[in-house]
Structure formats: C-alpha cells, structure tokens
Amino acid sequence: MIAAVQQPLLVAVGLAGAAVCSVWAARRTRVPTPVYLVLVGLVVSVVPGVQEIRLPPDVVFYGFLPPLLYAAAFVVSPREARQNWRSILVLALGLTAATLFAVGFVGWALVPGLGAAGAFLLGAVLGPTDPVSATSVIGETSAPERLRTILEGESLVNDGVGLVAFSIALTAVERGSYSVGDGLLKFLEVSVGGIAFGIAVAWIVERIRTRVHDGEIEIPLSLLTPYAAFLPAQWLDASGVIAAVAAGLFLGHRGSRIMGADARLTGRAVWETISFLLNGLVFIVMGLQVPLLLRALTPSLALHMVGIGVAVTMVLVLVRAVWILGTVALPHLGCG
C-alpha cells in the first residue's frame, strides 16, 4: 500500500520540480516555458516504471479552465483593448473563419472519409486559438505591449466564432444537414448569455468585496469567482468560457476600487502561483498523452496520422501568416 502511494507522489513531486526547471531553462534560452513543459511530459511518459498518467477531460474543462481564463482576462488592460478593438475583431472573427475553412478543406482532401461536415467540425475545433496557450506563450516573450494585447484579446474573443461554427458542424454530422440560421441563433444565446451571466456574477462579487476588507475572505472569494461564473453558465446552456472571461474583464477593470494594496499584492502572488501550477500541469499532461495515443495505433496508421497533423499544422501557420501580412499590407496599398 505504501509503495502504491509513494510512486504517484514521487511522480507528482518530480513533475513539479521539472516545471520549475522548465521556467529556469526558458528564461535562459528565451524559449517559451510551455515548450519545455510538453517536452518534460514526453520524456516522463517513456521513463520505465512510471504508470500511465491520464487526466479526465472534465477535470481540465471544469477544474483548470475557469481560473486560467479568469486570470488571463483579469490582467487585460481595458484601455488598450478599446484602442485595439478593430485589430482584435479582425483576428477573432475573420482569421478564425478563414482558418476554419482552410483546415476544413485540407482535412477533407487528406481524409475523404471525414466528409464535409466532419472536416469542418475539425476546422471549428482548431480555428480559434486556445486562450490558455496563447496567454502562456505570449507571457514568456518580449513582444510589444500592443501586440500582446491584440493576441491575448483575440484568444479570449474568438471562442464565440468557434462555438457557432462547432454547433453548425456538429448538427451537420449528427443530422446530415445544417442550418446557418440555427447556428447563429445558438451563437447569440450562448455568447450573450455567457456575457450577461459573467457580468452579473462579477457585479455581485464586487458588491461583496467593496464591503469586506479582509484578505482571508477576499482571496478565497476571488478563487471561487471563476467557478461561480463558469459552472452555472454551462448548466444554463450559456458559454461558461465567455462567462469566466467576462467576469475577469469586469473585475480586472475595477480591481483598484475593490481591493486594498495588501490584498492586491497577496492576491497577485496567489494567482500567479496557481496559474503557474495549472498551466504547468496542463502542458505536461499534453506531452504525456502523445505516447499513449501513438501506442494505440499501428505504426503505419500512426505515421499517417502524424503526417496529417503536420500538414494541418502547416496550414494553420500559413493561414495566420498570410492573414496578418495581408491586414498589414492592405492599408499601405490604399486598399483599406
């Protein structure tokens, strides 16, 4: 029994130590920390004697995602977001749609068995940039503040486009047909509902925290806020992702009004530690899953799937590069 408990504990301690070493290596080499974390997961997965580590998707979605989204939105500058709203929307709406169609066509061409609906379902999943990954990688670079604001804002906004596209494509897969009108209506429901619910929760939290000036109450309350916005919104068929982001933006804008200096300093340290641990675990687990997936396939099929993955990745990079270069060049050519 003791040995059975010791091995998972030793693995957990080893992963935590590896995460700390990844930060040190990233700062020495200027390579984003998530890259090292994924590599750590790959290395650990092939260490003899280490049991397979599986993290249920619901744990990540309901346990890790709310605080990471909330923390990313909390630090976005409202003033800079307002100044760059056009660029954010061009990327969040236009680039996401362009990526969706490009990935859909390539996926359909490479795997005809997917069908049109299945291929565009893949595009809907891969089209939006992941907010957790984006903010983690950008935070490790020396990118200009305006660029950081635009990319982080895009990653937090484009989930709405992904949701409506995913809804339309999923309906097409399940029913064999689709309705753009129904998809747009669903988009409005989940987006507006998520925004409204997130702001409502944030408003209540603001009212409480302006009356309670006790760090032992304020900080635990701040940790519960993203879950209070995310979970009920999901149960009400609204977007929990958008609700958590809306709550983070609302309270981040009012942070100086509802927290004293001591609470802000302590809260920042707590949130930075939690974000680091959750981000580290997410990226390490991503690396751990790769060998598990490959072992479930025959060598020829695994090689084929890797080839498809490389091709789709190249499409994602190419579409983003062309889109951004186009948006920069067109105004200078007198086209915009």
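The values are calculated or read from the model by the stated rules, or taken from the named source; none is laboratory data. Source: prediction; values computed, not measured. FYI the Cβ positions are ideal-geometry reconstructions off the backbone, even for glycines, and counts take in every protein chain you see.
Residue by residue, here is whether (1) outside any helix (DSSP H, G or I); (2) under 30 Å from Val201 (Cβ atoms); (3) touching a Pro at 6+ places or on another chain (Cβ under 8 Å); (4) of a type in the set (Gly, Ala, Ser) holds:
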position: Val20; (1), (2), (3), (4): no, no, no, no
position: Ala26; (1), (2), (3), (4): no, no, yes, yes
position: Pro34; (1), (2), (3), (4): no, yes, no, no
position: Leu69; (1), (2), (3), (4): no, yes, yes, no
position: Ala81; (1), (2), (3), (4): no, yes, no, yes
position: Leu93; (1), (2), (3), (4): no, yes, no, no
position: Phe105; (1), (2), (3), (4): no, no, no, no
Within the stretch 56-67, tally of residues that are among the aromatic types (Phe, Trp, Tyr) and either crowded, with 16+ Cβ neighbours inside 10 Å or not in a helix (DSSP H, G or I) (or both): 1
Applying the selection to the stretch 249-273, what residues are surrounded by 15 or more Cβ atoms within 10 Å (Cβ to Cβ) and closer than 19 Å to Val60 by Cα? Trp271
Which residues, counting only those in the stretch 253-308, are without any contact (Cβ under 8 Å) to a residue 24 or more places away in the chain and in contact with a Lys or Arg (Cβ under 6 Å, 6 or more places away or on another chain)? none
Can you work out which of the residues in the stretch 206-236 that are of a type in the set (Ser, Thr, Tyr) and under 15 Å from Phe250 (Cβ atoms) is modelled with the lowest pLDDT? Thr210
Given (1) at pLDDT below 80; (2) over 20 Å from the mean Cα position of the chain (by Cα); (3) among the hydrophobic types (A, V, I, L, M, F, W, C); (4) over 15 Å from Leu281 (Cβ atoms), index of the condition Val35 fails: (2)
Cβ pairs under 7 Å, 6+ apart or interchain, first in the stretch 194-210 and on the phi > 0 side of the Ramachandran plot, second crowded, with 21+ Cβ neighbours inside 10 Å and at pLDDT 95 or above, ordered by first then second residue, are none
